[in-house]
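Let me begin by presenting the structure, written as C-alpha cells, before commenting on it.
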Ligand code: SF4
Ligand code: SF4
C-alpha cells in the first residue's frame, strides 16, 4: 500500500524553519506571487504556505503533502528568494518549499525540466528544426500539449552552436594573468552565445586563459521542480569538476546570476562539504572581474553619459551583485534609474501554461515603467531579459553589452 510521507520526513532539518515562522507577513510584502489578484483567495501567499505547513505539522490540516491541493499552493512559490531578505525569523522559505515539492507526483513536464540541460543540448545540435519547433504554431501547440509551455510565452531561439564548443576551439595556450573556468548557464551556452563569445574575447584580451571544464547545467530548475536527488547529482558533478580546476591555480567565473547563486549558495547548502566551500570561495562574477581590472588601473572607460534603466533581477539580488553591477554601469557612463519590481518569469515558471497569466500580471508594473522611461534597460538575468524583450519595446541588454564597447585597454 502507498504510504504517505510525513512532513518531518520530507523536510528533515527544514522542519524547524516551518515552526519558527512568527506569521508576521513581511514575506508577503516582497513576494511577487503574493501580490497579484489570485493571491488572497485561499491565502495563496508566502505566509499562507508556511502557515499551511504549520497546520499540517500540528495535524490540524487533514490533507497529505502529496495532495494536489497542497502541491498547487507550493507551485506558487517560484524560488525568487526575495523573502529571504526580509524574514525576521530566518525561515528559508524557498529551500523548504523545494522539499515539499519533492513529494509531489512525477509528471512528464517535471521530468523534462529537471533534465533541461540535456534537452537543450539536443536542441542545439539540430538548430533549424528546433527553431522551427519553437517559432511555428504547430511547434508551439506541441510544446503546450506535451510540456505545458504556454504558446504565447516568450521562447528563445537556438544560436546553432554552443559557447562551450567555441571556448574549446579558441582557448589560447597563453594567459599570463591566470586561468579562468567559465561556468556557463544554459541560456548563454545555447541561446545568447554571442554575449558569451564577446565576454571570452574580452577576457583573453585582458590576458586570461578561458576554459570550459566538463560541466552540467546549474540545476536551478531541478530545485524548483523539487527534483532534489537530481539537483544533488548535478551539484556533485559541477563541484568536483570546478574543484579540480581550482586546484591547479584557476578561478571560476560566471556571466549569469543564477549560475553564480548555484556555485556560491546552493551547492554548498546541498552538499555541505569542504570542496563546495572552496569552489564557492574561488568563484567570481565577470562584473567583479571587470571592477577589479578597473581598480588595478588595467582598464578605463570611454563613452558619453547616457541615461539607462537598471533592473534589479531577483537572482542578482540573491547573489548580492546589485552594487557591483550598478558601479560598473556608472563607471561606463550610465546615469541609472533603478527598477526593483519582479518581471514575473522566474526561470521557466512564467512560461508554464497555468502560470502564464499570473506571470504577466506580476510583470505588468515593471513593463509599464520601462515603456514610460524610454531608455535602454540593463538586466543581468537571462530570463528577465527574455521576458522584458517580449513585453516591452525597449532595448534590453545584459550590463556587459552596454559596457564592453566602452572599455579602453
Ligand atoms: S521565494 Fe519568492 S515566490 Fe517564493 S515565497 Fe519567497 S518571495 Fe515568494
Ligand atoms: S517573514 Fe518569516 S516569520 Fe514572517 S510570515 Fe514570512 S516566513 Fe513567517
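Rule-based calculations on the coordinates, nothing more; no lab input. Keep in mind that this is a model prediction, so the values were computed, not measured. Neighbour counts run over all protein chains shown; Cβ positions are idealised from the backbone, glycine included.
Sort 279-285, 402-408 for me by packing, meaning the mean count of neighbouring Cβ atoms within 10 Å per residue, highest on top.
Values: 279-285: 20.1, 402-408: 17.3.
Those peptides, ordered most packed to least, come out 279-285, 402-408.
Per DSSP H run of n ≥ 4, the term is -39500 (n - 2.57); total these for the chain, divide by its residue number, and report the mean residue ellipticity at 222 nm rounded to 500 deg cm²/dmol.
On the way: 24 runs with 210 residues, N = 409.
Counting only the DSSP helices, I get -14500 deg cm²/dmol.
Using label points projected 7 Å from each Cα along Cα→Cβ, tell me how many nm separate residue 237 and residue 298, to one decimal.
Between residue 237 and residue 298, the simple spin-label model gives 3.2 nm.
Quick check: from the Cα gyration tensor, does segment 52-206 come out rounded (a/c under 1.5), prolate or oblate? Numbers along the way, then the final one.
On the way: a/c = 3.19, a/b = 1.55, b/c = 2.06.
Note, shape of segment 52-206 comes out oblate.
Compare 45, 220, 368 in a GNM of the chain, Cα atoms joined below 10 Å, and give the one with the largest fluctuation.
Highest fluctuation of the listed residues: 368.
Between residue 68 and residue 327, what is the label-point separation in nm under the 7 Å Cα-to-beta-carbon projection?
According to this spin-label approximation, the distance is 5.2 nm.
So for each of 97-104, 350-357, 254-261 I average, over its residues, the number of other beta carbons within 10 Å; can you give me the resulting order with the highest mean first? Present the calculation step by step, with values, prior to reporting the outcome.
Working: 97-104: 22.2, 350-357: 19.8, 254-261: 27.6.
The packing order, highest mean first, is 254-261, 97-104, 350-357.
Provide the FRET efficiency to the nearest 0.05 for the residue 26-residue 157 pair, computing r from the beta carbons and using R0 = 45 Å.
Working: r = 40 Å, r/R0 = 0.90.
Efficiency at R0 = 45 Å is approximately 0.65.
Give, in nm to one decimal, the length gained when the segment between residue 354 and residue 337 is fully stretched (0.36 nm per residue of separation minus the Cα-Cα distance). Intermediate results must be reported in sequence, preceding the final value.
Values: separation 17, 0.36 × 17 = 6.12 nm, distance 3.30 nm.
My answer for the length gained is 2.8 nm.
With the Cα gyration tensor of segment 153-259 giving a ≥ b ≥ c as the square roots of its eigenvalues, does the rule (a/c under 1.5 for rounded; else a/b larger than b/c for prolate; else oblate) give rounded, prolate or oblate?
Oblate shape, in that a/c is at least 1.5 and b/c is the bigger or equal ratio.
Working out 0.36 nm times the residue gap between residue 6 and residue 229, then minus their Cα-Cα distance, what length gain in nm do you get to one decimal?
On the way: separation 223, 0.36 × 223 = 80.28 nm, distance 1.84 nm.
Once the chain is fully extended between residue 6 and residue 229, it gains 78.4 nm.
Quick one: work out the % antiparallel among DSSP beta bridges in the chain, nearest 5. It would help to have the intermediate numbers written out before the result.
Values: 3 of 25 bridges.
About 10 percent, rounded to the nearest 5.
Determine by what factor the alpha-carbon radius of gyration of the chain differs from 2.2 N^0.38 Å, reporting the quotient.
Details: Rg = 21.3 Å, N = 409, 2.2 N^0.38 = 21.6 Å.
The chain yields a ratio of 0.99.
Highest mean first, what order results for 9-21, 380-392, 128-140, 69-81 on Cβ atoms within 10 Å? All intermediate terms of the calculation are to be shown ahead of the outcome.
Working: 9-21: 16.8, 380-392: 23.9, 128-140: 13.7, 69-81: 20.1.
Order by mean packing, descending: 380-392, 69-81, 9-21, 128-140.
Would any residue of segment 340-359 have its amide N under 18 Å from a label point 7 Å out along Cα→Cβ of residue 307? List them or say none.
Hits in segment 340-359 for residue 307 at 18 Å: 340.
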